[in-house]
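The values are calculated or read from the model by the stated rules, or taken from the named source; none is laboratory data. Note that the structure is predicted; figures quoted are calculated from it, not measured. Note that we place each Cβ from the backbone using ideal geometry, even for glycine, and neighbour counts take in every protein chain shown. Surface accessibility is based on the protein's heavy atoms, side chains included, excluding ligands, DNA and RNA. Shrake-Rupley method; radii C 1.70, N 1.55, O 1.52, S 1.80 Å.
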Amino acid sequence: MTAVTRSSGTTTSVDVAEAVRAVRASSRRRQLLDAAVVVMGRTGFHQMSMQALADEAQVSVGLFYKYFGSKEDILLAAIVDILEAFRDQLQPAMDTAGDDPVMQLIAGFRQYTTIVDENRDAVVLTYRESRTLDAAGRERIKELEVETSAPMRDAITAAIDEGLMSEVDVDLAVFDLMMLAHGWALKHWHFAPDYGLDAYIAAQLRFALPALLVPEKLGEYLSRI
């Protein structure tokens, strides 16, 4: 809940207190999820104990139960958290690229991979443990993945309509790009010695774009990566 400005133009002390509590709760939840990702990465979900979570976050076990009802709730929240980051950050990044749908796609892939880099442990966790979720949790993950991919799907569709890309299976192309981005987390141990993040992004774009762009446009866009 955010602070509410009254019609008189003033903000009450109650409003400020509520806003402060909301910020603190969000920060605390972030702390707990970060600790959960670390512990699950170390022990796996099934071996994770609530005491280990509490020790990692340096809080009481009871505080975890204040925010999450069970271990399964923590796992789902950790996975949803990163998917929401993709969903919320992708479109704004693509909007900065202007009206060219190919440049929007390039910007989207760059932002997507950057988010992967910032959440490598959580991405690996998503692949490793999402099968543990119940049916409702898995369905929520599927819905978020579709929402996440929508901006890049729209960019590819627009590029095809404008004659900049060949007719391709748009869903297949989008999820291939997402998998290339996820590779930075899943195979970071392999790529990191030879690639920085920017070099990895550029290399994957140079790999993927020739399969999408019409030949006469390929050189133009590769030069802009």
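Of all the numbered requirements in (1) touching a residue at least 60 places away in the same chain (Cβ under 8 Å); (2) out of contact with any Leu (no Cβ under 9 Å at 6 or more places or on another chain); (3) open to solvent by 40 Å² or more (accessible area, probe 1.4 Å), Glu145 misses one, and that requirement is (2). Can you name the residue in segment 148-164 that is of a type in the set (A, V, I, L, M) and open to solvent by 10 Å² or more (accessible area, probe 1.4 Å) and is also modelled with the lowest pLDDT among such residues? Per the stated criteria, the residue is Ala150.
When segment 93-139 is filtered for residues that are in a loop (DSSP other than H, G, I, E, B), without any contact (Cβ under 8 Å) to a residue 24 or more places away in the chain and either open to solvent by 80 Å² or more (accessible area, probe 1.4 Å) or in contact with a Ser or Thr (Cβ under 6 Å, 6 or more places away or on another chain) (or both), the ones remaining, listed by number, are Thr96, Asp99.
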